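Structure first, commentary second.
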Amino acid sequence: MEARLDLDGNPIRPITICMIGAGGFIGSHLCEKLMTETPHTVLAVDVYNDKIKHLMEQPAGGQPHPWVGRIQFHRLNIKNDSRLEGLIKMSDLTINLAAICTPADYNTRPLDTIYSNFIDALPVVRYCSENDKRLIHFSTCEVYGKTIGSFLPKDHPLRKEPEFYVLKEDLSPCILGPIEKQRWSYACAKQLTERLIYAEGAENGLEFTIVRPFNWIGPRMDFIPGVDGPSEGVPRVLACFSNNLLRREPLKLVDGGQSLRTFVYIKDAIEAVLLMIENPDRANGHIFNVGNPNNEVTVKQLAEIMTEVYSKVSGEPPLEVPTIDISSEEFYGEGYDDSDRRIPDMTIINRQLGWNPKTSLHDLLYSTLTYQRKTYAEAIKRMMAKPTATS
């Protein structure tokens, strides 16, 4: 492997990374990137490894992977395993991806949500601080809560001014909803963890970077209920729509699908994370929005585009009634609330790391739906092949 240089022209030395949550959607793509394009070693920590097995298993009848020995899986739950501190001590950098981050859970499992996203993160932050280890912590764009513009009348001209809806890491306030709206349990827990990490940096010299993802999309995200995930549960919006399309069901638009969201392709986002990993002098002490402001659509528009793209992928005509409206209370349960719009300001990440997203919404949806259709077909085939009990 040729010598690699950071953004300032310095050689990049191989490091050991303790990646907590390595078996998930983001972790699996980051592990792939680190194995195929860098000399770094990964201590992959998770309770499941299905999405990274292909990196550790020897190819059938072929040569071993060139990265053999550079990724090790450690099956443990960070809630109650004393091995975690040892793994952090062995590493140069810890990346914490562990979280409950499914909106349906914020209402129905608020205690689990708070414990997972705040209480369970405490030992990770403490071990990094006490052992002088660098930390990259994954937070969420949800910490911003509601935009300033959402408190103005709907026809107010200031709603169209960027300073009332564009979200800036160093300037935008974090405005959450009422306590009884338990949907904000996730955002509140994540925000408090950010404040803890920032305080550790200010008081104890912790080297940290905080990542705020804005809807990262791509293969292996979330799950298709009953196929590659639990039968019960509601994944995030894009996976919900994918599930409906695969099953030839109408897409459910919560409260008419009027909320605005931006979406970024996972491979673009992973490029940003690699820049953070390999440019610590530029990334330490910063909070980074990682999203694509050019891919903004309403949830209703997303449903329409996904229906069109899936029809091309599958060759099947759209349903006569492609969408149906459903209330947020019926879909998520009582206590749900939502943010109106989330557009990331890209000034800081562009200045510090020179990163900008590249992939259009149409292209990332085509890639994702192609993968999910293939995965769904394979899963159905396996289910059909299973022997059934006879009476």
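Details
- Mean ellipticity per residue at 222 nm, deg cm²/dmol - from DSSP H runs of n ≥ 4 across the chain, formula -39500 (n - 2.57): -11500 deg cm²/dmol
- Label point distance in nm, Glu316-Asn131, each placed 7 Å from Cα along Cα→Cβ: 4.8
- Net charge of the neighbourhood of Asp92, taken over other residues with C-beta under 12 Å away and scored Lys/Arg +1, Asp/Glu -1, is +1.
- Total formal charge among the other residues, if their Cβ is under 12 angstrom from that of Arg183, Lys/Arg +1 and Asp/Glu -1: -4
- Listed peptides 193-203, 44-54 appear in the order 44-54, 193-203 once ranked by packing, highest mean of other Cβ atoms within 10 Å at the front.
- Value of Rg to Rh for region 239-320, rounded to two decimals, is 1.13; Kirkwood radius and Rg both from alpha-carbon coordinates.
- Spin-label pair Asn204/Lys79, simplified geometry with 7 Å Cα→Cβ offset, distance in nm: 2.4
- Counting Lys and Arg as +1 and Asp and Glu as -1 over every other residue whose Cβ lies under 14 Å from the Cβ of Asn292, the net charge comes to 0.
- When the alpha-carbon atoms of the chain are used, the pair Rg, Dmax equals 21.2, 70 angstrom.
- Semi-axis lengths, largest first, of the ellipsoid equivalent to region 1-113 are 28, 18, 14 Å, with √(5λ) applied to each eigenvalue of the Cα gyration tensor.
- Cross-link partners for Lys53 among the lysines, with Cα-Cα distance under 27 Å and sequence neighbours closer than 8 places in the same chain left out: Lys33, Lys79, Lys89, Lys267, Lys374, Lys381, Lys386.
- Within a Gaussian network of the chain (alpha carbon springs, distance under 10 Å), most fluctuating of Met35, Met221, Met90: Met90
- Projected over every direction and averaged, the convex hull enclosing the alpha-carbon atoms of region 296-380 yields 8.7 nm².
- Within the listed set Val125, Val264, Val68, the residue fluctuating most in the Gaussian network model of the chain (springs between alpha-carbon atoms under 10 angstrom) is Val68.
- In units of the rule-of-thumb radius 2.2 N^0.38 Å, region 165-307 shows an alpha carbon radius of gyration of 1.22.
- Accessible surface, the chain, averaged per residue in Å² (probe 1.4 Å): 48
- Sequence-distant contacts, meaning Cα pairs under 8 Å at least 6 residues apart, place the relative contact order of region 235-391 at 36 percent.
- Relative contact order %, region 6-98, counting alpha carbon pairs below 8 Å whose residues are six or more apart: 39
- Percent carbon-and-sulfur accessible area, the chain, ignoring ligands, DNA and RNA, probe 1.4 Å: 51
- Packing, as the average of other Cβ atoms within 10 Å across residues, places the peptides 168-176, 249-257 in the order 249-257, 168-176, highest first.
- Computed from the Cβ-Cβ distance with R0 of 30 Å, the FRET efficiency linking Met383 to Arg248 stands at 0.95.
- Helical segments meeting 20 Å axial Cα length and Kyte-Doolittle 0.0 threshold in the chain (DSSP H): 299-314
- Within a Gaussian network of the chain (alpha carbon springs, distance under 10 Å), most fluctuating of Gly61, Gly23, Gly145: Gly61
The values are calculated or read from the model by the stated rules, or taken from the named source; none is laboratory data. All values reported here derive from a predicted model rather than from experimental measurement. Glycine gets a Cβ as well: all are built from the backbone with ideal geometry, and neighbour counts include every protein chain shown. Protein only, heavy atoms only, side chains kept; ligands, DNA and RNA dropped before computing areas. Shrake-Rupley method; radii C 1.70, N 1.55, O 1.52, S 1.80 Å.
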